[in-house]
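No lab work stands behind these numbers, since they all come straight from the coordinates. Because the structure is a prediction, the values reported are computed rather than measured. Reconstructed Cβ throughout: ideal geometry from the backbone, glycine too, with neighbour counts over all protein chains shown.
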Amino acid sequence: MVKNKFWSRILTFLMVFGPGLIVTQADNDAGAVSTYTQAGAQYGTSLMWVLLLLLPVTYFCQEMVVRLGIATGKGHAAMIYQRFGKWWGAFSLFDLQLVNFLTIVTEFAAISLALSQMGINPYIAVPTAAISLIIVVVTGQYLRWERITIILCLLDALWIALAAYTHPSAGEVTRNAILPNIPKGGLTSNLVFIIIAMVGTTVAPWQLFFQQSCVADKKLRFKDLNYARADTLIGAIMVVVVAGCMMIVGNVMYQKNLNYEDPAQMAAALAPHLGSWFKTGILLLMCNAAVLGTMAISLSSAWAYGEVKGWQHSLRVKFKDAPQFYGFYIGAIILAAAIVLIPGAPLQLIILSVQVLAGLMLPSAIIFLQLLLNDKALLGKEFVNKKWNNVINWTVIVILFVLSLILAMQIMLPNIFK
Amino acid sequence: MEENNMKTSTIQNKMINNIFLKSNRNNRIQSSYEVIHPIFDIPEEKVDTNNAAPLHMTKSVKWSLISLRVYLIVMLGLSVYRSLVLAGFIK
């Protein structure tokens, strides 16, 4: 009970707050750290404008799943099965599980890489991370899981401090963020690959599945819709700001003409210039990003599979009441961690391939979302997309398809760009 | 007479006081807000997804979905091919 309407709103917002921030910050996972720092290391801050364009794309896509989740109280996978039939349901689920699992492998590879740079044996670091991830989730306490995850999300803001310490040119960053431009060297194969990877990592299909399931699991009510929208908007702004900061950190490599291999190597290369604490900061934030990514992506897989199979699938219930749901989550974590401990995996290639694969699959995921949000028989007039929603969404879909087609041309005709 | 007037006035005052107190109490009730966490709130009735009419699909939507299916299968194959080339399995 509170006496003031203002405080009741604040309190309700704080109670609703979570899924939007978690999904967007988990999106800045190890793959994102790699993609954005690589973009910075190779092109400086020239590609900052791509991030600014991705802000509304992220928000509008996620806002739709919030609406769908609140209206139906069900997850995304279940809705695709129900409304589009078994073929599309199975395809979406297979696609989600494949990309998700490969992504989880890359997250553990990043944990291994980062902690190896800090002198910690991967055979200790990876199993420890896996066990911690299992303990946080398998407690049967939604709120405990959410609070721990929000703290991890807020730690991501430390990227802002790292970026500020590199003293970037504010004018140049602002100009590159506002004015779209092609970096020196023109439209090369590598540039197209990086741009598609950036799109693929900022708006990934698992995010749609995760947030809808999370909203349904948290039992958000119709009256919570605007608070959930605010949560998503805050998350979308934060994800873009943090991604920009990663690019600014990578920009130091570009300015000093240093060779970029991966974020861990970048941290080591920057240590002589910016101090050993800077290196440790990058490595720890890389671990944090990987842990957040692993948790959210594994959960989106387990929620989706549980919804389709009709298992009990909630973080609100104990392990004994949802053994298959938790078992699926634990299985994915253990298998991915085990694969990483097999020596010789080409990390950077896997990371970029996963981002590209996700980028390719995203247009179809958004088309389903768009069709579901125009399904008046299901949602009624209140929750379906407004006309302006549809204009924005179809524009986004067309852009994503164009990027996807460019990638296809690049694969079929490797010399199409210099 | 005077005594009667005093009694009437006291009763009137009491009534006014009661009304004032009651309205004050009501205001207090209106100005206090109950905030319940969604997890602990009474579950609300959601859209009935099981009994909703089938998704209305125009011919163009149907054909678009078929094209999308073909496109995705081709793109998936191409991505795998690209990955194998980059990994050095295919020259």
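With charges set only on the Cβ (+1 for Lys and Arg, -1 for Asp and Glu), what does the dipole of region A:1-142 come to about its Cα centre, in debye to the nearest 20?
Working: 7 positive and 5 negative charges, 143 e Å.
Value, rounded to 20: 680 debye.
Peptide packing for A:75-82, A:224-231, A:105-112 was compared via the average number of neighbouring C-beta atoms within 10 Å per residue; ordered from the highest value, the list is A:105-112, A:75-82, A:224-231. The mean count of C-beta atoms from other chains within 10 Å of the C-beta of residues in A:215-223, rounded to a whole number, is 4. In a DSSP loop and with at most 10 other Cβ atoms within 10 Å, the trypsin sites (Lys or Arg not before Pro) in region A:128-219 are A:184.
Between residue A:223 and residue B:66, what FRET efficiency follows from the Cβ-Cβ distance if R0 is 41 Å, with the result rounded to 0.05?
Values: r = 40 Å, r/R0 = 0.99.
That pair, residue A:223 with residue B:66, gives E of 0.50.
Taking a ≥ b ≥ c as the square roots of the eigenvalues of the alpha-carbon gyration tensor, the protein assembly as shown is classed prolate because a/c is 1.5 or more and a/b outweighs b/c.
In the P(r) worked out for region A:103-162, what percent of Cα pairs fall beyond 20 Å? Can you show the working numbers first?
On the way: 740 of 1770 pairs.
Summing the P(r) of region A:103-162 above 20 Å gives 42 percent of all pairs.
Positive end of the dipole of the protein assembly as shown (Cβ unit charges, origin at the Cα centre): among A:43, A:124, B:72, the Cα lying farthest that way belongs to B:72.
Can you tell me the FRET efficiency between residue A:161 and residue A:257 if r is taken as the Cβ-Cβ distance and R0 is 25 Å, rounded to the nearest 0.05? It would help to have the intermediate numbers written out before the result.
Numbers: r = 25 Å, r/R0 = 1.00.
For R0 = 25 Å, the calculated efficiency reads 0.50.
Can you pull the mean other chain C-beta count within 10 Å for peptide B:78-84?
On the way: counts 6, 10, 2, 2, 10, 9, 1.
Per residue, the number of nearby Cβ atoms from other chains is 6 on average.
For the ranges A:361-370, B:41-50, A:317-326, A:118-127, what's the packing order if you count other beta-carbon atoms within 10 Å of each residue, average per peptide, and put the highest first? Provide the component values of the computation, followed by the final result.
Working: A:361-370: 22.9, B:41-50: 11.7, A:317-326: 16.2, A:118-127: 14.4.
Peptide ranking by packing, descending: A:361-370, A:317-326, A:118-127, B:41-50.
For residue B:33, the amide hydrogen comes within under 5 Å of the amide hydrogens of A:2, A:3, A:4, counting only partners 5 or more places away or on other chains and with H modelled in the peptide plane. Compute the long axis of helix A:323-340 from its Cα atoms, compare it with the longest principal axis of the Cα atoms of chain A, and write down the angle in degrees, 0 to 90, nearest 10. Taking the Cα atoms of chain A, the angle to A:323-340 is about 10 degrees. The label point for residue A:123 and the one for residue B:59, both projected 7 Å from the Cα toward the Cβ, are 6.6 nm apart.
Throw me the Rg/Rh for region A:134-186, computed over C-alpha atoms with Kirkwood Rh, two decimals.
Values: Rg = 19.0 Å, Rh = 14.7 Å.
The Rg/Rh ratio comes out at 1.29.
Each Cα pair under 8 Å and six or more residues apart adds its sequence gap; the mean of these over the residue count of chain A is a relative contact order of 36 percent. Taken one residue at a time, the phi angles of region A:286-293 give Karplus couplings (6.51, -1.76, 1.60, θ = phi - 60°) of 5, 5, 4, 4, 5, 5, 4, x Hz. Gly and Pro are set to x. Potential lengthening of the chain between residue A:388 and residue A:405 amounts to 3.5 nm, from the contour at 0.36 nm per residue minus the alpha-carbon distance. Compared with the direct C-alpha span, the chain from residue A:273 to residue A:182 gains 29.9 nm at full extension, assuming 0.36 nm per residue.
Evaluate 2.2 N^0.38 Å with N set to the residue count of region A:3-104, then give the Cα radius of gyration divided by it.
Numbers: Rg = 18.2 Å, N = 102, 2.2 N^0.38 = 12.8 Å.
Cα-based Rg divided by the globular estimate yields 1.42.
Candidates A:155, A:182, A:69 compared by Cα position along the dipole of chain A: farthest toward the positive end lies A:69, with charges placed on Cβ. 3J(HN,Hα) along region A:197-210: 5, 5, 5, x, 7, 7, 10, 10, x, 4, 5, 5, 5, 4 Hz, from the Karplus curve 6.51 cos²θ - 1.76 cosθ + 1.60 with θ = phi - 60°, whole Hz, x for Gly and Pro. Modelled label positions at residue A:189 and residue A:151, each set 7 Å beyond Cα in the direction of Cβ, lie 4.7 nm from each other.
Viscosity 0.890 mPa s, temperature 25 °C: give me the Stokes-Einstein translational D for region A:50-201 in µm²/s, with Rh taken as the Kirkwood radius over C-alpha pairs. Don't jump to the answer; show the numbers that get you there.
On the way: Rh = 19.9 Å.
Translational diffusion coefficient: 123 µm²/s.
Relative to one another, the C-alpha centroids of region A:241-284 and region A:1-79 are positioned 25 Å apart. Rg of the Cα atoms in region A:233-363, relative to 2.2 N^0.38 Å, amounts to 1.32.
Per-residue mean of foreign Cβ neighbours for B:55-62 is 3 (Cβ atoms of other chains, 10 Å radius).
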